[in-house]
Structure formats: C-alpha cells, structure tokens
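What follows is a short report on a single structure.
No value in this document is a laboratory result; all are computed from the given coordinates. Remember, it's a predicted structure, so these values are computed and weren't measured experimentally. No Cβ is skipped: glycine too gets one built from the backbone with ideal geometry, and neighbour counts run over all protein chains shown.
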C-alpha cells in the first residue's frame, strides 16, 4: 500500500527539482528588490538602542557580514542581528494574504548561510527564492489564525521558510530537507505580547527565525531526524501555533507555476502593514486642506482581524507608551498622516510622539468594524472626519500602496533605500551599489561576496 506524501515531502520534492533558470522575471525582481529593501533597513537601525543591544548580545566572532559593519561575526549571530535590525522600524516588505515579513528572515539567513558554507551566488539565489516563496505560501495557509492564537506569523512561519531556503541553498537531498523542516518546527517561536507595552520583542522575531532556520538546516544535513508531518500532524505546527486544521492547498498547489514571490508588498511607511492604507487616507485629507484643529472626531472602518493589534484596547492605542508602540496604533498612524503628512522613520521617534497637535488628535480617533472588510485577502483604508463646522469628509484607499495592486517601482525602492541609508548617516548612493549586488546575485552569476558591498 502506497502512503500519500506529507506536506514536507511535497515541498522537498519541489525544492530539489527547482531550477533558478525557470523562475519568472517578476519573482526574481521581487527577490532582488527585497534584498535592497532589507539591507537598507538593517543598516538604518544599527545604531538604535535595540540595534546596539542585539549587536552586543550576539557579539560572537566569525567571518560573516553584519550589513553596514562588515565581516567578523559568527554566521548565526550575523543573521540574528541583520534580521532584528531590518525589521526594527517595521518598514520592511510584507505580503497580502497574511502580513509575513519574508525579507528580514530570508535575506539574513541566506546571506549568512552563503558565507558559512562558501556557496556560489546561484545557490544563495535559489535559497532566497525558495525561502520567500515558502513563507508567503505558508502565510496564505495561516490566514488570520496564527495572529489570533497570540503568535507572530513572521517568527513562526519564518523559521520554517528559512530552514527550507537554507536547505535548498546547501543542495540538501529530499530526506535531508524533510528532516530540516521537521526540526525547524521545534525552533519556531514568537508571541505578540509586545502589543501590551511597546517593548522590542517583535523586532527580534525575524532575526531569531533566521538563525533558527540555519540551525535546523545544519541538523537536517547532519542526519538529525524531524517529523515528516511537521505541518499537518495532530501535534504539528498549525495545531500548536494556529489552533486550526487548515487547507494546505495554497502551500503545495501549482509549485513552480504560480509564484507568490512575484507579489510581494513594499511598505511606503514605517508602521504596521494594515495601518498603511489608513495613513494614505489621512494624508489625502491633509492635502485637501483638513487640519487637526478642525477635527472633532474621526471614525475608521476596519477589518475585525486587525482590531486586537491596532485598535484595542482603544485607550492604549490612543495614547501609545513608546514610539515603537505607536507603529501598531491605528489612532497614532492616522494622526501622523494628518499632522506630519508622512509616517516614515522620523515620525516614529520620541520627539514625534510628544508632538502636542498629534497628542490632542489621537483621542478623537475611533473605529468601527466593517463586516465586509476583505482583510486579510486585501488591505484597505478608510478615514471619516467630522469637522468643527459640522462638515463630514472622508477618504478611502482600495488597496495597500506598494502591494500587488499598486506596486512600488524599482526607482521608488531605491529612493526609499537611499533615504534609510541617509537617515543612518550613510551615503545614500549606496542604494545603487546594493541594487547592482542584488541583481547580480539573483542572476546567479559567479561567487558570493556580500562583504564587498560598500555602505559607508
């Protein structure tokens, strides 16, 4: 009697057979843009308080590169630092269907693995494509359930995807890949209690997932066994972290045909994914001449699945305790759009948080759940403001700017990267050098030397 293959075995079969030459241009471009975006953000956060803390905590010597510093770190430590710094300002890439941040997990893991195992560019590029593709597809399976169970999808799903990507880059066999993913399920972690006080643990999740995936791949390569039913088993990943019995069709169907890595979203603003269209709505009202002092009340129609992260408890969200907590506050992000006309890195600082006009506006901002809101399949925005003269004005956003329906161009991504490098006191011209490195890497040409990219 023939036993049906498990989910991890189906993925392993695809990974072994996957040829970089057959990956479509939009997926290759999405991965190259992810490299540019991720590294620019990692450098931007090096000298923040959390950036300094994670560098001190993972100060293990080796030959791997921390972006913006150079070689000298143990590979797993470099992955943890790069991933944590890249995600620190919540301005990194995401995905519509489930807001997983693939870039800050997969890029750090594969850069470090490439240096650890002295891999050629083509192997690293294959690993990046596999990791991003698996992570996005896992997000489609997860839907809202990982968040609803109290976990961060980027940390949980990222460990699995990083393991698959590193295993692919290493050229693992089907059996090794199966074990690698099986082991990774026991390394996945990341709770979302940071929402209570704006502490930094969310920042750590992708860096931790990156190094966890690397370690799982090393164990799988060495013959350490992991459960083949890690995804779908009765005690598997989704039972433990999503309290659900999902349909795995989005993960395993049409592998090599439909590429989710060509549908990545790149954030224009440095805040939570689902707040982005609301910021655009607020900026639209500001451009129409609406000023904060004219506003008596604001109501935003929102998706039910976003409430526990961005809108509740409302009193806390209207008065976020830290600049980091403000990134996950619907009221603050809307207020920032109206007061500052932007929500970039400079709008999430202690100085911005103390702005009197913004502080006065936040308590006026409320929400109502729209039962027809399409989240998480689409991220929309809505801001309705009642003015002192009784007039009611509103703005809507039909989609996430920077997402699949309204993508950012390469020029947009280069401008964002240059601004992030400049914010960190680096030369913005480094963005173009990053683009040349990313394009050459994803073309699979020659050797692999991330330490050669000058980001001074």
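Just rank 208, 14, fewest to most, by other beta-carbon atoms within 10 angstrom.
14, 208
So for 37, 454, fewest C-beta neighbours within 10 Å to most, what's the order?
Ordered by Cβ neighbours within 10 Å, fewest first: 454, 37.
From the alpha carbon gyration tensor of the chain, can you work out the equivalent ellipsoid semi-axes (sqrt of 5 times each eigenvalue) and give them in Å, largest to smallest?
Gyration-tensor ellipsoid for the chain: 36, 24, 19 Å.
Order the peptides 104-110, 129-135, 221-227, 319-325 from the highest to the lowest mean number of other Cβ atoms within 10 Å of their residues.
Going from most to least packed, we get 104-110, 129-135, 319-325, 221-227.
Given R₀ = 41 Å, what would the calculated FRET efficiency be for residue 409 paired with residue 63, taking r from the Cβ atoms and rounding to 0.05?
Step by step, r from the Cβ atoms, then E = 0.70.
Find the centroid of the Cα atoms in segment 267-317 and in segment 350-402, then give the distance between the two in whole Å.
Answer, in whole Å: 3.
Please determine, in degrees from 0 to 90 and to the nearest 10, the orientation of helix 410-423 with respect to the longest principal axis defined by the Cα atoms of the chain, where the helix direction is its Cα long axis.
Here the helix axis deviates by roughly 80 degrees.
Where does helix 103-116 land angle-wise versus the long Cα axis of the chain, in degrees 0 to 90, nearest 10?
For 103-116 against the chain, the angle is about 30 degrees.
Helix 330-339 sits at what angle to the longest principal axis of the chain, using alpha carbons and giving 0 to 90 degrees rounded to 10?
So the inclination is approximately 60 degrees.
Once you have a ≥ b ≥ c as the square roots of the Cα gyration tensor eigenvalues for segment 249-393, tell me rounded if a/c is under 1.5, and otherwise prolate or oblate according to whether a/b is larger than b/c.
Note, shape of segment 249-393 comes out prolate.
Roughly how many whole Å is it from the C-alpha centroid of segment 134-201 to that of segment 99-129?
15
Rounded to the nearest 5, what % of DSSP beta bridges with both residues in the chain are antiparallel?
75
Take each of the peptides 332-342, 46-56, average the number of other beta-carbon atoms within 10 Å over its residues, and list them starting from the highest.
332-342, 46-56
Taking the Cβ of each residue in 426, 287, 410 as the centre, tally the other Cβ atoms inside 10 Å and list the residues starting with the fewest.
Taking fewest neighbouring Cβ atoms as first place, the list is 287, 410, 426.
What value, in deg cm²/dmol to 500, does the helix sum -39500 (n - 2.57) over DSSP H runs of n ≥ 4 give at 222 nm once divided by the residues of the chain?
Computed mean residue ellipticity for the chain: -15000 deg cm²/dmol.
Rounded, prolate or oblate, given the Cα gyration tensor of segment 47-120, with a/c below 1.5 counting as rounded?
Oblate, because a/c is 1.5 or more while a/b does not exceed b/c.
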